[in-house]
Ligand SMILES: [Zn+2]
């Protein structure tokens with residue numbers, strides 16, 4: 001399998017490796033989904049757009065995509081997400097859009113009557129646009145929360161932080177300016193460390209380009225603003241395809257296992273969300289690396305992952321103000 005300089009496969013490379021194995025025996029529908037993912041991933045590696053001033057471009061961008069159009073495009077791209085999943089979920093968005101004018105959707109699951117939430121949880125998918133399952137899984141969890149939200153937690157759910165990357169005809173990890181959003185967050189000494197890391201450790205890998213300045217991109221600014229405003233007690237961020245759990249944050253013990261995934265600390269990078277929110281702001285950040293970027297986990301595995309995640313949050317995450325939670329507050333799912 002082709003590897004990066006840090007010894008890990010890129011998601012596109014890993015997907016291609018898998019595609020090239022030509023695994024057979026799936027249903028026709030799944031096989032069509034696999035072919036679509038293979039086609040998209042094969043072409044990702046050619047992408048290397050030049051960086052520009054993203055914020056200026058976003059402000060100047062008049063061609064704004066509506067939520068309806070965004071939902072249509074997401075449903076066409078992802079076999080596991082229907083137009084109704086997206087359009088009928090009543091997602092909100094604010095004025096700050098992606099480089100190419102897409103709204104960044106989010107949904108609140110707030111306080112339920114007579115129940116004080118244990119904590120605020122921020123759930124994020126699709127920071128990297130070619131990690132399809134990280135988006136589909138969050139949409140699946142939106143369906144669960146629509147049905148079962150009990151008020152145990154106050155959730156803010158962001159299924160697709162990088163819509164432009166996903167919706168390119170050839171989906172790409174980076175945003176429309178070729179910036180890896182997960183290297184663009186404002187960590188200490190960003191100017192020096194991020195450029196050095198990109199040049200020396202990645203060999204100027206365009207898939208890991210951090211941008212010219214921290215928070216240069218509207219999508220990373222959107223998330224920084226959201227963290228400041230929502231003040232999550234924990235952040236859960238989905239990626240693929242390493243098939244492990246990663247954790248950043250000082251205040252609690254990390255999950256050793258969620259579903260089939262086990263803890264394997266992947267290291268901290270300049271400009272990463274885990275570094276910014278976990279290491280520097282003290283918010284526990286659980287990174288779920290799904291095992292495949294193009295094929296969803298089986299139903300029982302996905303269900304177990306969700307149940308274990310909620311269980312871990314319930315047992316480990318307390319509000320930043322340190323208030324005790326009563327046994328009655330802890331009853332019930334999600
Ligand atoms: Zn990723």
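All of the numbers you see were taken from the coordinates with simple rules; none came from a lab. These numbers come from a predicted model, not from an experiment.
Here are the numbers:
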read-out	value
Quotient of C-alpha Rg and 2.2 N^0.38 Å, computed over the range 123-217	1.27
Using distinct alpha-carbon pairs, which all enter the 1/r mean, Kirkwood radius of the range 86-130 in Å	13.1
Added length on full extension, which subtracts the Cα-Cα distance from 0.36 nm per residue, residue 66 to residue 84	5.0 nm
